[in-house]
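Each remark here refers to the structure printed beneath this line.
The values are calculated or read from the model by the stated rules, or taken from the named source; none is laboratory data. Everything numeric in this text was worked out from a predicted model, so none of it was measured. Here Cβ is always computed from backbone atoms with ideal geometry, including for glycine, and neighbour counts include all displayed protein chains.
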Amino acid sequence: MKRLVVLALVVFACSCGGSGTTVYTRAASAKCLAGQGIRAKAVSQSVDFVAWSAEGGSFRATLPDNFVTVSFGPTAAKADAIADAYRRFAAKNVGVSDVLRQQGNAVMLWHVHPSDTDVSTITGCLKGS
């Protein structure tokens, strides 16, 4: 019985709060990338409506062999909606699941399949304010 109570307390403690969840921001993430010599440019409505309309903002970062559009939702649930929009609007012959990634409230849409190094560079610079 004592183990059951301890287990219940551990599960309860792990499920409460969410204070350890980082909310990534466009500004802090772009600043980190700039520190690595990677420019983060604004995304226009005509280039990518989904990214342009992201509540938390967005940017496009160009790496040596690829580029990525990073869009931010104010919450992970809002980022889920951004990812869903990309899936919904993708052409039938585009393998969007190969180029779409999400980490918390940040959604990354790559131009082509990203290398592990490029993914690591971008995700390593996802920062909160």
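Applying a threshold of 8 Å to beta carbon distances and a minimum spacing of six or more residues, or different chains, the list of pairs starting in the stretch 21-50 at a residue that is farther than 10 Å from SER129 by Cβ and free of Cβ contacts under 8 Å to residues at least 12 places away in the same chain and ending at one that is outside any loop (DSSP other than H, G, I, E, B) and among the hydrophobic types (A, V, I, L, M, F, W, C) reads ALA34/ALA40; SER44/TRP52; GLN45/TRP52. Scanning for something loosely packed, with under 12 Cβ neighbours inside 10 Å and more than 13 Å from the chain's Cα centre (by Cα), does the stretch 66-86 turn up at least one residue? No: the stretch 66-86 contains no residue that is loosely packed, with under 12 Cβ neighbours inside 10 Å and more than 13 Å from the chain's Cα centre (by Cα). Restricting attention to the stretch 90-129, the residues that are among the small types (Gly, Ala, Ser), part of a loop (DSSP other than H, G, I, E, B) and at pLDDT below 95 add up to 4.
The rows are residues; the columns are (1) among the small types (Gly, Ala, Ser); (2) touching a helix residue (DSSP H, G or I) at 6+ places or on another chain (Cβ under 9 Å); (3) surrounded by 12 or more Cβ atoms within 10 Å (Cβ to Cβ); (4) at pLDDT 95 or above.
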residue	(1), (2), (3), (4)
ARG3	no, no, no, no
ALA13	yes, no, no, no
CYS16	no, no, no, no
SER29	yes, yes, yes, yes
VAL50	no, yes, yes, yes
SER53	yes, yes, yes, yes
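Starting from residues that are touching a residue at least 60 places away in the same chain (Cβ under 8 Å) and touching a Leu at 6+ places or on another chain (Cβ under 7 Å), keep the ones in the stretch 72-108 and report whichever is nearest to VAL50 (Cα to Cα).
Pass one, the stretch 72-108, residues touching a residue at least 60 places away in the same chain (Cβ under 8 Å): 103-106.
Checking the rest, the ones that are also touching a Leu at 6+ places or on another chain (Cβ under 7 Å) come to 103, 106.
Working: GLN103: 17, ALA106: 13 Å.
Within the stretch 72-108, the match that is nearest to VAL50 (Cα to Cα) is ALA106.
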